[in-house]
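Single-structure report; data block below.
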């Protein structure tokens, strides 16, 4: 247990320290400022920097963690500010009620905006969100009766706590620090929780996330709403700070400023704070150059982006620097995987052995999928009994991976039906199919390369407990399961290393670990042997057999005939989207039709 | 009233169509959203104004400025985007925003923040029935028609144009044909620049003035028009532009002029909801 | 004409080609066969510059073309018919061929290339104004080959030309390949259909797991057991009777 906690410091046991430590620094800095400067000017700048800090924390969630190109983030800032202004000026509310209402309304408006917008990704999302912020800005300009038009709402008083208020700059500064502390605390908690992990996973590799059972749309919605709350609060404080709100709060300039802060902040709160200070202080010192501000900003942007051919890669490397890379050059001993032999039953993975059922693990009937004029899968039928190990072979273009994609829900068939473990899953989404006990690996490796090895598996493992509140015991159990999965495949020594730094063979093992941690009853392996050397192949054979012995039904696509013929119970041969033959391995290896499918028609006559 | 609005709408729509064509040409080949398009447009328009002020005749000014804008577009592409072509994440978008800032701020500094009046090329109106159509609008529509047909002929009847169409369908295979794809891309940016400059000039005729800070919202409208008609598709841009122009004019006429932009963008969002690939089809990136 | 020396190519962490050495001489038809995942397409793509190489050299007519930009290589006289055809779907047959003219070294050669294309593929001439996307699979493959000829390459690389074609069309296509070769075009083709490739080529290389397993005259390889080894692993006892035992696919599974 202790060992586990050492390598996985993100467990809730440490959530307090993850949150308290930065907060303490912030408090100390703030006290320092109060004590050492009496200059109201500096305190004002510090206040503004903290306001941006609060908003930037939220933006970091959206941009860095979720990877969403939300180019209209400023609109939440503006909405928070205006709601606050209206409540404060027109109704004379006190601070705390205002804060609560701002949070509520910002969240609701974001929810409304997100519903249409989240259908888009990438560049499209960028421009749609730009348009959205622009719409908000136009509304603020034109809805004169409520928003007072381009002039904005002025005369915003300082925060009122149960009748107490003050016009001293220190007063607002202290309140801002207080809110910033709460924001930072919330941010740290979110980021180190399972949600933070899941959002990173979604950003890194959508397909793998889907296969792990994540509902991406829902998660994106949650991130968007949560991050907008940060911006809304920041907008409220800004209203107090500037005593006036105007439509320019929703302009793209604000979003770009926050974006630069977030990017330079390199995904840690201290970096973001420093960036905020720099970007608030700098324009003040360059006051005389104010009209050139955008010009410099533009030059800065173009220059930085073009500096590296990869654009932001040098910052990205810093962002993930805390995850170590595996030293290159693996020696021979690392090649012996700690897997028990086929004879003994291994399992620390608690997969229960299923008795033979009266349904099939996988039952495909008349499955058809067409792409334009090409029939990828043609009236295919296949039954895999529970507990069996089936191999699927066939020449290039036979439709094998298409079949897997259909079975795991990534694409939908034109005709036919699919039953998995007695559920009809023909039209189901990948996350749903994953949750009834289907694990899958991909032909082109889809691991999360900048997450640690343990985190890779933890993403899948966390799924079951997503709906439960932040429960420490549950979290520890989940981490244990993930660790055990790594032990099963023999990768536990590399738990803290980044997934992308593992050599190819180990990455394949990692994928398998990810697929089995949620204790699937059906495991789909897509070319697991690709690129493995003979020693690794031997180990893979034993691993797959071990998995089968634990009671998991395994269906494996492979091109490496030798591999399949040695471990499979039955082999399913596909060609041109159809089933050519289903039989035992030895018979398949010498079947004339199979030889013809692979080597060509004339094989029979010539080879005799 | 209706026919009047219709005529106005077609006038505005032609302008939007021209601007949208420039925008979509770049997207068609590179799948790149050219955020500074509106700012390039404004630079071109100011350039025309500058030339007119120093006494160069109208037509010559436009020609010179169009060529200059084309060159500007190519220069921007080579310096700011070319290295980022393979990088499909935040970097190209940010670089584009940087360019937008440089252009709009540069314009602000050189020309000053206040709008300048822009001379009309023609005065007078023609009357059809009880509809009064300013000659300027007729000129706009005619010019748009000529340019669109010219582009259409180029893209469908010349070998170079065919190469551009090939590049927008399958860029790697186009390279396999032995074609220097960089030249094609630069050509697209050049054409985009020309259309931007002329489109901006026509906008300036219509409203009688230019101002340096509206480039951004013009780009958003161009995007809206392209998406309406199906982005990456020249004919779609024309249709989208016309529709957007008509929608705006009718909105201003029958609802309120204050809500003009809101309605345009709202239409964009609605169309995207119903038909993400636009009215004439095309390619979209849709999230899961 | 084409010489590959010590070529190594990786996709990220996955090394696909390990120290490949091969050569294609003028006038030959050379085939590269091997199981899937062996690296055949990777090899061709590296030759035309579509993939970066990790190590090694590629020489075309004694000039080093390793990592040279693709369009330059094509204009030097090396053509590729890519896997999966990749015709321009919204362009007509004529336009598809027109676009390929840029790869020829001068107008005259391009004209000659067009003539050759239409002469060898008369069916295409009939469908000159039809959009390429509406052609059948077989016609699209013909289109792709014809298009590659327009630039009058001296060496033509072909990636799995038989893929997705009905057997009759495959025969026609390979006859055409032979005719093209007789006109002086050297051919280097990659095929999954091993025996087909062996029948129509002069020499063959067999690729396995990213390395050259063996090479030799196609005639000799045809008659040996080597190919079965390379493809099916020759795992279990090497029985050479080809009687199939297909018992249908709803075999109840019984644990022993």
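Readers should treat all values here as calculations from the given coordinates under stated rules, not as data from a laboratory. From a predicted model like this one, the values you see are computed outputs, not experimental measurements. Quick reminder, even Gly has a Cβ in these numbers, built from the backbone with ideal geometry, and neighbours come from all protein chains shown.
Overview of values
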| item | result |
| --- | --- |
| Burial ranking of peptide ranges C:20-27, B:29-36 (average Cβ count within 10 Å, highest at the top) | B:29-36, C:20-27 |
| Relative contact order [Cα under 8 Å, 6+ residues apart], chain C, whole percent | 25 |
| Inter-centroid distance (Cα atoms) of the range B:70-127 relative to the range C:64-128, Å | 38 |
| Contact order normalised by residue count of chain B, Cα under 8 Å, 6+ apart, percent | 38 |
| Diffusion constant of the range B:2-274 at 25 °C, which comes from Stokes-Einstein with the Kirkwood Cα-pair radius and 0.890 mPa s, µm²/s | 130 |
| Whole-number D in µm² s⁻¹ for the protein assembly as shown, Kirkwood Cα-pair radius fed into Stokes-Einstein, 25 °C, 0.890 mPa s | 74 |
| Stokes-Einstein D for the range C:63-148, Kirkwood Rh over Cα pairs, 10 °C, 1.306 mPa s (µm²/s) | 119 |
| Inter-chain shielding of A:587-595 (mean C-beta neighbours from other protein chains, 10 Å cut-off) | 6 |
| Which of A:75, A:276, A:579 has the fewest Cβ neighbours within 10 Å, and the rest in rising order | A:579, A:276, A:75 |
| On Cα atoms only, tilt of C:137-150 relative to the major axis of chain C in degrees | 50 |
| Ellipsoid semi-axes in whole angstrom, largest first, where each is sqrt(5λ) of the Cα gyration tensor of the range C:1-159 | 29, 18, 13 |
| Exposure proxy ranking, count of Cβ atoms within 10 Å, fewest first, for A:86, A:31, B:97, A:174 | A:31, A:174, A:86, B:97 |
| Relative counts (whole %) of C-alpha pair distances in the range A:446-519, using bins that are 10 Å wide | 23, 54, 21, 3 |
| Degrees between helix C:107-120 axis and first principal axis of chain C (Cα, 0 to 90, nearest 10) | 50 |
| Neighbour-count ranking [beta-carbon atoms within 10 angstrom, fewest first] of C:81, A:457, C:170 | C:170, C:81, A:457 |
| Rh (Kirkwood; distinct C-alpha pairs) - the range B:141-234, Å | 15.1 |
| Separation of alpha-carbon centers, the range A:487-540 and the range B:226-244, rounded to whole Å | 49 |
| Average beta carbon contacts from partner chains per residue of C:185-197, 10 Å cutoff | 3 |
| By average C-beta atoms within 10 angstrom, highest first, the peptides A:147-158, B:186-197 | B:186-197, A:147-158 |
| Calculated SAXS-style log₁₀ I(q)/I(0) at q = 0.09, 0.13, 0.14, 0.17 Å⁻¹ - the range A:14-285, Debye, Cα scatterers | -0.39, -0.83, -0.97, -1.40 |
| Using alpha-carbon coordinates, inclination of helix C:167-182 to the longest axis of chain C, degrees | 50 |
| Computed label-point distance, nm, for sites residue A:42 and residue C:171 using a 7 Å Cα→Cβ extension | 9.2 |
| Burial order of peptide ranges A:481-491, A:263-273, C:128-138 (average beta-carbon count within 10 Å, highest first) | A:481-491, A:263-273, C:128-138 |
| Per-residue mean of C-beta atoms belonging to partner chains within 10 Å, peptide A:239-248 | 0 |
